[in-house]
Every structure is written in C-alpha cells, then in structure tokens.
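A.B. asks: Right, I'll just put the structure down here and ask away after.
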Amino acid sequence: MKSNRFVLIVRSAAAAIALTVSIPAFASSGSSVGADYGAAGAAATASSWSVEQMLRYAIEDEYLARAEYVAVMSKFGAARPFTNIKKAEDQHIVWLSEIYDARKIALPDDDAASRVPVPGTLLEAYRIGEKAEIDNIAMYEAFLRSPLLAKPENADLRAVFERLKNASENHLRAFRNQLAKY
C-alpha cells in the first residue's frame, strides 16, 4: 500500500507540474478527452465491463475531475467550490488507489492534465463541472447495476463506487448553486 501511495504522490506532483507548464497550450473550449477515457469511455463501451475496466474508467474520471478543477483554479484563482471539490477528488483517487493496491493491479498513469479544456469564464467552468458530475454519477450508477458488484468479493469496490456517486451528487449541487447565481 505504501508503494502505491508514494507512486500516487509522485504522479500527482508530476501532473500538477505538467498542468502548470501546459495550461497555455490548452484550448479554451472543447475537450480533448478521448472516447475511451473516464466516464465518456464507460458510456461509449456500455455493455458489460470487467472489474478492471470499471476501476480504470473510475480512476480516469477522478483524474479528469481533479485536473479540470486545478486548471480552473490556475486561471481564476482558488475559490469555492473548486478548492473543496479538488480536495475531495484527491481523496477519491486515494480510495480507488487502495482498491488497486488491494487487488494488486497497476495504477494507471495520470495524464488527465493533457485532456482537459480550460474554460474561458467561471460560468463556463461551472457548466463544465456540472456536466462532468452528471456524467460521473451516470457512470457510477451503471457500474452499481453490474452483477459483478453483487459478488461478495467485490463488496469493497461496491462501497467505494457508492461513496463516489454520493460525493458527485454533492459536487453537482455545489455547481448548480453557483449556476443559479447567473
């Protein structure tokens, strides 16, 4: 477990550095997220996923969320709800990395900083956050319907996916509260 946490810390630091260096290269609108990455990947392959596929899509989506909120804060400054939600995304990644570690599965690299758009306005940032959380919730709801998660050996994964879905519902409310101000 300690080795995966160390790798996670190193990868997070590298991603933050990459994001800081590459922000000017990002497009101000649109997304470069691939069709087989994160919640978009899960939706595009919606059928029956293996446990490993669910884990990969889940951690990719948590990486994406964190990278997006870091990009927003880099452009607009540290402000709520981005600061709080970014901290939550860090915790979500830890929860998933613990599952990877327990199952002795290699943790995917975090290249999300190269995949997120930097919004032109805070309003656009709130809309992107809202859409990302809606997609994230849909992904976890689909995973939770999987017969694989009903198996006793996957109880830990089911519990983490339930926590992640609930957290995304809270994040969605935070973004909608901000959007209601416009």
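The values are calculated or read from the model by the stated rules, or taken from the named source; none is laboratory data. Please read these numbers as outputs of a predicted model, since none were measured by experiment. Counting neighbours? That spans all protein chains shown, and the Cβs are built from the backbone with ideal geometry, glycine included.
A.B. asks: Are any of the residues in the stretch 87-96 crowded, with 22+ Cβ neighbours inside 10 Å, at pLDDT 90 or above and over 27 Å from Ala180 (Cα atoms)?
C.D. replies: Yes, there is a match, as at least one residue in the stretch 87-96 is crowded, with 22+ Cβ neighbours inside 10 Å, at pLDDT 90 or above and over 27 Å from Ala180 (Cα atoms).
A.B. asks: Shifting gears a bit: Just for the stretch 28-68: of the residues that are over 10 Å from the mean Cα position of the chain (by Cα), under 19 Å from Asp110 (Cα atoms) and among the hydroxyl-bearing types (Ser, Thr, Tyr), which one is modelled with the highest pLDDT?
C.D. replies: Tyr37
A.B. asks: Take Asp101 and tell me if it is closer than 23 Å to Asn154 by Cα and in contact with a Ser or Thr (Cβ under 9 Å, 6 or more places away or on another chain).
C.D. replies: Yes, satisfied.
A.B. asks: Let me ask something else. Can you name the number of the only condition in (1) in contact (Cβ under 8 Å) with a residue 60 or more places away in the chain; (2) crowded, with 17+ Cβ neighbours inside 10 Å; (3) within 15 Å of the chain's Cα centre (by Cα) that Glu130 fails?
C.D. replies: The number of the failed condition is (1).
A.B. asks: Those residues that are surrounded by 14 or more Cβ atoms within 10 Å (Cβ to Cβ) and of a type outside the set (Asp, Glu), I need them from the stretch 133-147; list them, please. Spell out the reasoning first.
C.D. replies: Of the residues in the stretch 133-147, the ones surrounded by 14 or more Cβ atoms within 10 Å (Cβ to Cβ) are 133-140, 142-144, 146.
Within the stretch 133-147, Ile134, Asn136, Ile137, Ala138, Met139, Tyr140, Ala142, Phe143, Leu144, Ser146 meet the criteria.
A.B. asks: From the list Ala125, Ala106, pick out the single residue that is touching a helix residue (DSSP H, G or I) at 6+ places or on another chain (Cβ under 8 Å) and exposed (fewer than 14 other Cβ atoms within 10 Å of the Cβ).
C.D. replies: Just one listed residue meets the conditions, Ala106.
A.B. asks: Yes or no: Ala79 over 27 Å from Thr121 (Cα atoms) and modelled with pLDDT under 90?
C.D. replies: No; evaluated as a whole, the condition is false for this residue.
A.B. asks: Which of (1) farther than 14 Å from Glu62 by Cα; (2) hydrophobic (A, V, I, L, M, F, W, C); (3) surrounded by 15 or more Cβ atoms within 10 Å (Cβ to Cβ) does Ala150 not meet, given it meets every other one?
C.D. replies: That leaves (3) as the condition not met.
A.B. asks: Across the stretch 133-158, what is the total count of residues that are among the charged types (D, E, K, R) and touching a residue at least 40 places away in the same chain (Cβ under 8 Å)?
C.D. replies: 3
A.B. asks: Right, something else. Determine whether the stretch 139-146 contains at least one residue that is of a type in the set (Phe, Trp, Tyr) and within 22 Å of Asn84 (Cα to Cα).
C.D. replies: yes
A.B. asks: Something else about it: Return the residues of the stretch 159-182 that are basic (Lys, Arg) and either in contact (Cβ under 8 Å) with a residue 60 or more places away in the chain or surrounded by 17 or more Cβ atoms within 10 Å (Cβ to Cβ) (or both); say none if nothing qualifies.
C.D. replies: Start the filter on the stretch 159-182 by keeping residues that are basic (Lys, Arg), which leaves 163, 165, 173, 176, 181.
Within the stretch 159-182, Arg163, Lys165 qualify.
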